[in-house]
Amino acid sequence: MIQLIILPILQIVVIAGLSPLIKGFINNIEARFQCRKGSSLFQPYYNLAKLFRKDAVISETASWIFIATPYVTFVSILIIALLVPVLSSTVPANFTGDVILVIYLFALGRFFLALSSLDTGSAFGGMGGSREMTISSMAEPAMMLSVFNVAIINGSTNLSNITQAMLSYKLLSPSLFLSLAALAIVIIAEAGRIPVDNPFTHLELTMIHEGMILEFSGRYLALIEWASCMKLLILLTILVNTFLPWGIASGLTFPGLIVSFFLYIVKIGFFAFLIAIVESSFAKVRLFRIPNLLGTSFVLAVLAIITHYIVS
Amino acid sequence: MKQHIIVNSQTIDVLAVMMLIATILHISTGRLTTCVWAYAIRSFILACASGIIAYLSGIYHIFITTGITLVIKVVIIPWFLFYIIKKVGIKKEVESFLSFTLSLLCSCGVILVAYYATEPIIQFESTLMKHCLPISIAITLVGFFTMITRKKAITQILGLLAMEDGLFFAALSTSYGMPLIVELGVFFDILVSVIIMGIYVYRIKETFESIDIGFLKELRE
Amino acid sequence: MLISIFLFIPLITAVACVLIKKHNVSKYISVAGSFALLLYNIYLGYTIYLNRSLTELNGFFYVDALSLLTAQIVSVVGFAAALYSIGYMDAELHAAEFPEKRLRWYYFLFHMFIFTMLAVCVANNLGIMWVAIEATTLSTTFLVGFYNKKPHQEAAWKYIIICTVGITLALFGVILTYHSSKNVVGEIGYALNWTDLLAVADRFEPHLMKLAFLFIIIGYGTKAGLAPMHTWLPDAHSQAPSPISALFSGVLLNCSLYGIIRFHVISSKCLGPNYSCTLLMAFGLTSVIVSIPFILVQRDYKRLFAFSSIEHIGFIALGLGFGGMYSIYGAELHTFNHAVAKSLLFFCGGNLFLKYKTREMESIKGIIRTMPVTGVILIIAVFAITGIPPFNIFVSEFIVLADAFSSGSAFVLIFTSLLIVFLVLIFVGYINNIFKMIFSEPAETVVQGEVSKFTIAAMCFLLIFVLIISFYVPPIMRVILSQISDIIRNA
């Protein structure tokens, strides 16, 4: 009963509720690195609220895809939120929950975004869409390989089982460490952060994700922005709960969940802080250098799998 | 006096992997300064590993090598390389005979070769540190590979340093380091050779107006 | 104390040379220092002759017949080169090839070079031996690039990069040896002494030892100039000042080969002689084969001599690889013979360069008219180096080949027969190139007469050794050579 009703609500609330906060946190830290005071931690919430209240303008040439895209993206991310273990290693949608489904749901959202970017016929949209697809075609194999390595080591593609199994590790094995490094690079690319994409830029030559969503406004923009915040949080959650699941609640007891929640906040906060450091200390790389970065991630993932087989 | 000290530590293995990642960073980056940073980071991890091995094995002379590693490899050599880069005014991009993606894949292949080649040897090892020998050989071979494929004189120095790091780690993880006096001699040689090479980078830049070693082809049959 | 003093002599000379700012004084100090070294070496040789081996500082230094021979070569060629340097460098200074203040650094590095090579010979610890061999590279880089012009810098850069990489690979061989011996010796942090290792070498881990010797022969082989790792050698030899080229060819290559031999002994005891002997033969024959086309088509005489060094080092490696008692005896004799004959050739080459200011063989004509003494010595040296009877190289080549033929193994027979064909080819290449230079009519612009009396003195000094060995191997040398043969064959 609890698993069917409370846990799904809890996960949705945590993911959807906390995700703008993470974005605000990163922005604030970066501002401090630049010796600015920075906006409030809750600024992303205000932005979303404002966008929801505003009217949406839709291009006359746009088809139904354009309107459907924000909902598809948002819902696919929400479904993913049900598939990954957040506070407890038990997962609401455990019956179907599988890491391959997670990766494809991400791909679905991105597919619709790319379609809608072409839909309005704006030049920047198409450019952003094509870049996004190029990057994802390189990021996805690396992501899959690194996730599969974890799956192979633990003998399951079910995220809940993986988390459960990883609880027994005191220290990451070298192979898992390589996977962790590979996944960390991929997450930066997938979430569109520096050095792959600059989430703040609206300069036509450098936009990737922002280029795709340039035509959206009002509540549609709000949904997409929110979805992208959630995407970052979910990616970090996967990283945290597959590689460093210490302290996560195994069952659904109240004290366990409380402890787990605080640890979760700390771990996610730590990685968000790392992202802020990386974004402050590196410049966005040229588009043609991105394959280099993702190739590194791919090589690390391949090494992770093969070293696991050779040295075991 | 016979003593068999066995250090079983997964920490060392993880540090080894971190060194490997630093080496891959060295291959994949296009900036000369990042390459030097990668070297400094790898040397720092090496020093950490050596400190842990010294602590676990109780062979205290390894602490001395740890200290020297910190001073020479983490501070002096990177500082000297940065100084040379600044002094010579090198364009800060790495140039390679192969494209970056290709050299990444090649070094991935080289690393796998190192793993496969050492497989029969590491099966005899009773320790948990099974990644150390293959990774040290991998770092050595990748260093060799960069020496072959990179165009700039200074990247060749970095390749050489990578080879030396790999060997140092091999000695450390398989035999708890060489005798102290040998280690000291090796450190001295490495330091002097880097300085001499640095001086030659400077001189070559002065006479050839470039440190691209592709220009060095006057002497041949 | 005996061995420490041996090392101190060149060190003190080096420091004295650099502290005294007048190069007119320091050049005589340099000669005096190397002469003292030569005398001391003879004394040390006598001690070894009586005791077979010497150890010092708890086994840190170890000298036996093998190290003695290499040290002997160092001091003989070192003295000749120091003497030659006076004439050669003064003439170059006179021609304003380099600034005057650089000259004392030349003498400093010269004696540091001698010091590091002696350290290679007397170090018992294989790690220290590695350090010393790397130090020979470091001390000579500036000597190769001494004139500091484009080709010299290129040669120096190639030299330091290729040799350092090679030596780094050799370090891996040393580490693997250390690792494979760890379980036998047991004690952690022991000194890696060659004598201790040899005592227990039969219980080493054979897989690791195989890998170790492979790395050693590739690593030290780079420095010894074994093909295909020889690419630095012709460049460095041709660009360095001639006395340094003589030291390179005569001594440096032998020192690296000495490193290989020490590991060869350990490896033969651990694995049986076949493995390392086959590797030595393979690298040796490759070197001989690779050098031939370059000798035949060469136009630069210093490069010609350099490629000939590759060939002779290959021959020595082959002799060691054949593994018979007399072939090792012959190979070690060849080491000495090659050192003196090749240094002599480089000295002749240096004289030619001073006179004609070119290294192109086509532009040099009529040496016998312009420089009669150099011309005659050049003829003798060329005959000696190509193995024409009755000169010394013929003696040692004959011993090696005779022993190889008598061994009866088909494998060795094929190697030897091929080798003889190659030797004939090399002879043709030499005669073809050199005799045109010696006997044709000289250009009228060339001034007659020798360049410097110091260079002639140095050449005559080496010529004595060439001629003595040609007709008579002194008994003390015979004893030392057979002792070496025993050491290498673990007898």
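Go through segment C:246-281 and give me each residue that's of a type in the set (Phe, Trp, Tyr) and closer than 16 Å to C:Thr177 by Cα. Step through it out loud before you land on a result.
Keep residues of segment C:246-281 that are of a type in the set (Phe, Trp, Tyr), which gives C:248, C:258, C:263, C:275.
Hits for segment C:246-281 are C:Phe263, C:Tyr275.
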*Filtered residues of segment C:320-363 (kept if of a type in the set (Val, Ile, Thr) and within 20 Å of C:Ser67 (Cα to Cα))*: C:Ile328, C:Thr335, C:Val340
*Restricting segment C:158-191 to residues that are at pLDDT below 80 and outside any loop (DSSP other than H, G, I, E, B), the residue that is nearest to the other protein chains (Cβ to nearest Cβ)*: C:Lys182
*Matching residues in segment C:253-279 - criterion: being within 17 Å of the chain's Cα centre (by Cα) and either surrounded by fewer than 24 Cβ atoms within 10 Å (Cβ to Cβ) or under 20 Å from C:Phe215 (Cβ atoms) (or both)*: C:Leu253, C:Cys255, C:Ser256, C:Leu257, C:Tyr258, C:Gly259, C:Ile260, C:Ile261, C:Arg262
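Given the condition farther than 30 Å from B:Pro134 by Cα, outside any helix (DSSP H, G or I) and within 14 Å of chain B (Cβ to nearest Cβ), answer yes or no: does some residue in segment A:107-120 qualify? Show your work before the answer.
Narrowing segment A:107-120 to residues farther than 30 Å from B:Pro134 by Cα: A:107-120.
Retained after the next criterion (residues that are outside any helix (DSSP H, G or I)): A:120.
The next check asks that each one be within 14 Å of chain B (Cβ to nearest Cβ); those that pass are none.
No, every residue in segment A:107-120 fails to be farther than 30 Å from B:Pro134 by Cα, outside any helix (DSSP H, G or I) and within 14 Å of chain B (Cβ to nearest Cβ).
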*Could you list, in sequence order, all residues of segment B:140-155 that are more than 14 Å from B:Ile84 (Cα to Cα), of a type outside the set (Gly, Ala, Ser) and part of a helix (DSSP H, G or I)?*
B:Thr140, B:Leu141, B:Val142, B:Phe144, B:Phe145, B:Thr146, B:Met147, B:Ile148, B:Thr149
*Go through (1) touching a Gly at 6+ places or on another chain (Cβ under 7 Å); (2) at pLDDT 90 or above one by one and return the number of the condition C:Tyr301 breaks.*
(2)
_One residue is enough: does segment C:304-324 have a residue meeting the conditions surrounded by fewer than 24 Cβ atoms within 10 Å (Cβ to Cβ), within 21 Å of C:Tyr159 (Cβ to Cβ) and either in contact (Cβ under 8 Å) with a residue 24 or more places away in the chain or more than 14 Å from chain B (Cβ to nearest Cβ) (or both)?_
no
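With respect to A:Met127, is the statement that it is away from every other protein chain (no Cβ under 14 Å), surrounded by fewer than 20 Cβ atoms within 10 Å (Cβ to Cβ) and within 26 Å of A:Leu293 (Cβ to Cβ) true?
Details: away from every other protein chain (no Cβ under 14 Å): yes; surrounded by fewer than 20 Cβ atoms within 10 Å (Cβ to Cβ): yes; within 26 Å of A:Leu293 (Cβ to Cβ): yes.
For A:Met127, the condition - away from every other protein chain (no Cβ under 14 Å), surrounded by fewer than 20 Cβ atoms within 10 Å (Cβ to Cβ) and within 26 Å of A:Leu293 (Cβ to Cβ) - is met.
With respect to B:Ile72, is the statement that it is more than 18 Å from B:Thr149 (Cα to Cα) and away from every other protein chain (no Cβ under 14 Å) true?
Values: more than 18 Å from B:Thr149 (Cα to Cα): yes; away from every other protein chain (no Cβ under 14 Å): yes.
So B:Ile72 passes the test.
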*Given (1) assigned to a helix (DSSP H, G or I); (2) within 30 Å of C:Tyr356 (Cβ to Cβ); (3) modelled with pLDDT under 90, number of the condition C:Val31 does not satisfy*: (3)
*Inside segment A:85-118, can you point out the residues that are charged (D, E, K, R) and free of Cβ contacts under 8 Å to residues at least 60 places away in the same chain?*
A:Arg110
*Look through segment B:160-183, keep the residues that are surrounded by fewer than 23 Cβ atoms within 10 Å (Cβ to Cβ) and free of Cβ contacts under 8 Å to residues at least 24 places away in the same chain, and return whichever of them is nearest to C:Leu192 (Cα to Cα).*
B:Pro179
_Residues located in segment A:148-178, provided they are closer than 17 Å to A:Tyr309 by Cβ and part of a helix (DSSP H, G or I)_ = A:Phe148, A:Asn149, A:Val150, A:Ala151, A:Ile152, A:Ile153, A:Asn154, A:Pro174, A:Ser175, A:Leu176, A:Phe177, A:Leu178
*Quick one: in segment C:280-294, which of the residues that are surrounded by fewer than 24 Cβ atoms within 10 Å (Cβ to Cβ) and within 14 Å of chain B (Cβ to nearest Cβ) is nearest to C:Tyr220 (Cα to Cα)?*
C:Val290
*Among (1) assigned to a loop (DSSP other than H, G, I, E, B); (2) closer than 30 Å to C:Lys269 by Cβ, where does C:Glu444 come up short?*
(2)
*Could you check how many residues of segment B:138-159 are closer than 23 Å to B:Cys48 by Cα and touching a Ser or Thr at 6+ places or on another chain (Cβ under 6 Å)?*
3
*Give the residues of segment A:33-83 that are without any contact (Cβ under 8 Å) to a residue 40 or more places away in the chain, part of a helix (DSSP H, G or I) and farther than 15 Å from A:Leu223 by Cβ, sorted by residue number.*
A:Gln43, A:Tyr46, A:Trp64
*Counting residues that are under 23 Å from the mean Cα position of the chain (by Cα) and closer than 23 Å to C:Val473 by Cβ, which helices (runs of 4 or more DSSP H) fully inside segment C:292-410 reach at least 3?*
C:301-322, C:325-356, C:372-385, C:392-407
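If you take just the helices (runs of 4 or more DSSP H) that sit entirely in segment A:203-311, which of them hold at least 2 residues that are within 30 Å of B:Asp13 (Cβ to Cβ) and away from chain B (no Cβ under 14 Å)?
Working: elements: A:209-212, A:218-243, A:254-281, A:290-310.
Helices (runs of 4 or more DSSP H) meeting the threshold: A:218-243, A:254-281.
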*Which residues, counting only those in segment C:192-207, are surrounded by fewer than 22 Cβ atoms within 10 Å (Cβ to Cβ) and within 12 Å of chain B (Cβ to nearest Cβ)?*
C:Asp196, C:Glu205, C:Pro206, C:His207
*Which condition breaks for A:Phe254 when tested against (1) of a type in the set (Phe, Trp, Tyr); (2) surrounded by 13 or more Cβ atoms within 10 Å (Cβ to Cβ); (3) modelled with pLDDT under 90?*
(2)
*Enumerated helices (runs of 4 or more DSSP H) restricted to segment C:50-157, each holding at least 1 residues that are away from every other protein chain (no Cβ under 14 Å)*: C:65-94, C:103-122
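Hey, can you tell me all the residues within segment C:8-18 that are of a type in the set (A, V, I, L, M, F, W, C) and buried (at least 18 other Cβ atoms within 10 Å of the Cβ)? First the steps, then the outcome.
Narrowing segment C:8-18 to residues of a type in the set (A, V, I, L, M, F, W, C): C:8-9, C:11-12, C:14-18.
Result: C:Ile9, C:Ala14, C:Ala16, C:Cys17.
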*Could we say that C:Ile217 is under 24 Å from C:Ala71 (Cα atoms), away from chain B (no Cβ under 11 Å) and crowded, with 24+ Cβ neighbours inside 10 Å here?*
yes
*Taking into account only those residues within segment B:93-105 that are within 13 Å of chain A (Cβ to nearest Cβ) and surrounded by fewer than 16 Cβ atoms within 10 Å (Cβ to Cβ), which is modelled with the lowest pLDDT?*
B:Glu93
*Among the candidates A:Gln43, A:Gln34, which residue alone is under 25 Å from A:Phe261 (Cα atoms) and either touching a strand residue (DSSP E or B) at 6+ places or on another chain (Cβ under 8 Å) or among the polar types (S, T, N, Q) (or both)?*
A:Gln43
*For segment B:33-62, name all the residues that are within 13 Å of another protein chain (Cβ to nearest Cβ), modelled with pLDDT of 90 or more and either closer than 19 Å to B:Leu184 by Cα or outside any helix (DSSP H, G or I) (or both).*
B:Ala49
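The values are calculated or read from the model by the stated rules, or taken from the named source; none is laboratory data. None of these values were measured; they are calculated from a predicted model. Because the Cβ atoms are built from the backbone with ideal geometry, glycine has one as well, and the counts that use them run over all protein chains shown.
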